[in-house]
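The values are calculated or read from the model by the stated rules, or taken from the named source; none is laboratory data. What you see is a predicted model; the values in this text were computed from it and never measured. Reconstructed Cβ throughout: ideal geometry from the backbone, glycine too, with neighbour counts over all protein chains shown.
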Amino acid sequence: MDFAQLTAFLLISVTLACTPGADWAYVISSALRKQSYQPAVWGLLSGYLVHTVLLVCGIAALVASSPTILSWLTAAGAIYLLWLGISTLRSSKTATFFSAPQPSAIDITEGEPKLGETSNSQLAGSTSIALASPPVQQVPARTAFFKGLLTSGTNPKALLLYVALIPQYLDSDLSLPVPLQTGILGLTHFTVSIAVYFSVAFASRALLRSRPLAARVVTLVSGIIMILLSLALIFEQFFV
């Protein structure tokens with residue numbers, strides 16, 4: 001595997017990672033939550049490690065060559081993506097994308113007492129009412145991680161991408177074993193994805209978190225994208 005071959009694969013990898021899709025939609029929706037987006041992004045990236053291991057072991061090629069297995073995988077991935085898209089749509093209505101203000105207190109003091117009357121404030125003091133902000137829905141880090149893992153791990157498009165792309169850059173004449181070359185290319189795409197997805201998450205939080213309306217619109221669009229992609233997977237696999 002020479003430098004030119006690795007550079008060509010790197011350019012293709014960057015292009016594919018920068019193409020918006022279900023992964024981008026999940027990253028953006030996760031970045032707009034109040035808690036850290038890192039578990040969600042790392043979960044998503046772990047799915048690509050799974051695909052790399054499957055390809056190195058030859059399981060990915062076996063799955064891709066079996067129409068029955070691929071159909072079941074497509075159905076499972078599409079159903080999960082559909083559920084995730086619906087959940088994202090629902091969260092866009094009530095999610096809080098900015099730090100909620102701290103609870104404040106308002107003192108209610110009675111008016112001036114009439115002559116001969118004792119002021120209520122003199123008897124019981126001022127009445128204080130605490131105004132607490134509504135609770136923000138939290139997603140456990142473990143849940144966010146496994147959602148990301150399932151998003152990329154069950155995506156048959158990602159599996160087929162590995163099977164169709166990486167073998168083109170393998171060279172059986174090299175001293176490096178083919179499985180090792182496969183692992184290197186898979187980890188290369190994994191590294192590229194780290195840079196791209198964390199950049200997308202950081203940019204989404206920096207640009208949209210202080211703009212609640214824009215953030216809700218983006219989350220709504222992300223959910224719609226997930227739903228459309230899931231329906232497209234089902235249509236391509238079972239009706240074309």
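Restricting the range 171-202 to residues that are in contact (Cβ under 8 Å) with a residue 60 or more places away in the chain and in a loop (DSSP other than H, G, I, E, B), which is farthest from ASP2 (Cα to Cα)?
LEU176
Among the residues that make up the range 207-215, is at least one of them within 18 Å of SER87 (Cα to Cα), in the same structural domain as VAL27 (by TED's automatic domain parsing) and either loosely packed, with under 15 Cβ neighbours inside 10 Å or modelled with pLDDT under 80 (or both)?
Of the range 207-215, the ones within 18 Å of SER87 (Cα to Cα) are 215.
Restricting the remaining residues to those that are in the same structural domain as VAL27 (by TED's automatic domain parsing) gives 215.
Of the ones still in play, those that are also either loosely packed, with under 15 Cβ neighbours inside 10 Å or modelled with pLDDT under 80 (or both) are 215.
Within the range 207-215 (the criterion being within 18 Å of SER87 (Cα to Cα), in the same structural domain as VAL27 (by TED's automatic domain parsing) and either loosely packed, with under 15 Cβ neighbours inside 10 Å or modelled with pLDDT under 80 (or both)), the answer is yes, since at least one residue qualifies.
Among the residues that make up the range 185-197, is at least one of them more than 24 Å from ILE59 (Cα to Cα) and buried (at least 18 other Cβ atoms within 10 Å of the Cβ)?
Yes: one or more hits.
Scan the range 71-90 for residues that are surrounded by 19 or more Cβ atoms within 10 Å (Cβ to Cβ) and either of a type in the set (Lys, Arg) or within 17 Å of ARG33 (Cβ to Cβ) (or both) and jot them down.
Answer for the range 71-90, where residues must be surrounded by 19 or more Cβ atoms within 10 Å (Cβ to Cβ) and either of a type in the set (Lys, Arg) or within 17 Å of ARG33 (Cβ to Cβ) (or both): LEU84, GLY85, THR88.
Take the range 54-71 and flag every residue that is free of Cβ contacts under 8 Å to residues at least 40 places away in the same chain and assigned to a helix (DSSP H, G or I).
Hits for the range 54-71 are ILE59, LEU62, PRO67, THR68, ILE69.
Take the conditions modelled with pLDDT of 90 or more, within 24 Å of ILE28 (Cβ to Cβ) and aromatic (Phe, Trp, Tyr) and apply them to TYR197. Does it pass? Let's see the steps before the verdict.
Numbers: modelled with pLDDT of 90 or more: yes; within 24 Å of ILE28 (Cβ to Cβ): yes; aromatic (Phe, Trp, Tyr): yes.
Yes; evaluated as a whole, the condition is true for this residue.
Being in a helix (DSSP H, G or I) and surrounded by fewer than 18 Cβ atoms within 10 Å (Cβ to Cβ) is the filter here, so list the residues in the range 138-160 that pass it.
Within the range 138-160, the subset in a helix (DSSP H, G or I) is 141-153, 156-160.
Listed by number, the residues that qualify are ALA141, ARG142, THR143, PHE146, LYS157, LEU160.
Report yes if some residue within the range 21-30 is touching a Lys or Arg at 6+ places or on another chain (Cβ under 8 Å) and of a type in the set (A, V, I, L, M, F, W, C); otherwise report no.
no
Within the range 19-53, which residues are assigned to a loop (DSSP other than H, G, I, E, B) and of a type outside the set (S, T, N, Q)? Please lay out each step first, then the result.
Keep residues of the range 19-53 that are assigned to a loop (DSSP other than H, G, I, E, B), which gives 19-21, 32-37.
Across the range 19-53, the qualifying residues are PRO20, GLY21, LEU32, ARG33, LYS34, TYR37.
Test THR52 against the criterion of being at pLDDT 75 or above, more than 25 Å from ALA214 (Cβ to Cβ), polar (S, T, N, Q) and loosely packed, with under 14 Cβ neighbours inside 10 Å, and give yes or no. First the steps, then the outcome.
Working: at pLDDT 75 or above: yes; more than 25 Å from ALA214 (Cβ to Cβ): yes; polar (S, T, N, Q): yes; loosely packed, with under 14 Cβ neighbours inside 10 Å: no.
No.
Criterion first (out of contact with any His (no Cβ under 9 Å at 6 or more places or on another chain), surrounded by 15 or more Cβ atoms within 10 Å (Cβ to Cβ) and over 28 Å from VAL218 (Cβ atoms)) does GLN38 satisfy it?
No, not satisfied.
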